[in-house]
Structure formats: C-alpha cells, structure tokens
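Below is one structure, written out as structure tokens, with a few remarks after it.
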Amino acid sequence: IGVSGLDVAYEEATNAVVRPGRYPEAVERAAFRTVQEALTNVRKHAPGARVRVRVAEPDGARLLVEVRNGPPDTAAPAPW
C-alpha cells in the first residue's frame, strides 16, 4: 500500500526504458498527472480496490500509461 492508501502494483513492460529525462518534460508531466488523477478517482469511486499501473513503449517512440482497478473492497471505508 502506497502513499495513496491504495494497493498499487507498478508494472514496466519488458521493452520499456522508463527513466527521468527519457521523454520531454511535458510528456513526463502528462504521464504523472494521468496516474495521479486515476489513483484519485479509484480512491474516490472504488475504495480499497487493487490497482495496476503499467508503463510501456509499444514502438520505442511513444509512452503508454495504463491504470486499471479491480472492484471496490466493501470493507474499505469511504474516503470522506
């Protein structure tokens, strides 16, 4: 369980070379904000759900960020 209070698994595709500075700052910032917003939404709408964050480079030139969650845990308290 990370800082978000969610059970998050991070997965880097075998072809991904994800390190700071690999992509333009705007791309890295957009990827970060996408994951941040997705985790906020999971916490709000599916409390206690397990989450998988996957990063891949399908062709070596593009960055693919995927965030998936499972069903909420009915025993988890609501975030409010």
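Here are a few things to note about the model shown:
- Relative to the longest principal axis of the Cα atoms of the chain, the long axis of helix 25-45 makes an angle of roughly 20 degrees.
- Residues whose placed amide H lies under 5 Å from that of Asp73, excluding near-sequence neighbours: Gly48, Ala49
- Report summary: the helix-based calculation at 222 nm, which adds -39500 (n - 2.57) for every DSSP H run with n ≥ 4 and divides by the residues of the chain, gives -9000 deg cm²/dmol.
- Residues in the range 63-73 carry Karplus couplings, in order, of 10, 10, 10, 10, 10, 10, 10, x, x, x, 8 Hz; the curve used is 6.51 cos²θ - 1.76 cosθ + 1.60 with θ = phi - 60°, and Gly or Pro positions show x.
- Volume of the convex hull of the chain (Cα atoms only), normalised per residue: 93 Å³.
- Just the protein heavy atoms count here, and of the accessible area of the chain at 1.4 Å, carbon and sulfur take up 55 percent.
- In Hz, Karplus ³J(HN,Hα) per residue of the range 48-60 (6.51, -1.76, 1.60; θ = phi - 60°; x = Gly, Pro): x, 5, 7, 10, 10, 10, 10, 10, 9, 10, x, 9, x
The values are calculated or read from the model by the stated rules, or taken from the named source; none is laboratory data. Everything numeric in this text was worked out from a predicted model, so none of it was measured. Only protein heavy atoms, including side chains, enter the accessible area calculation; ligands, DNA and RNA are left aside. Shrake-Rupley method; radii C 1.70, N 1.55, O 1.52, S 1.80 Å.
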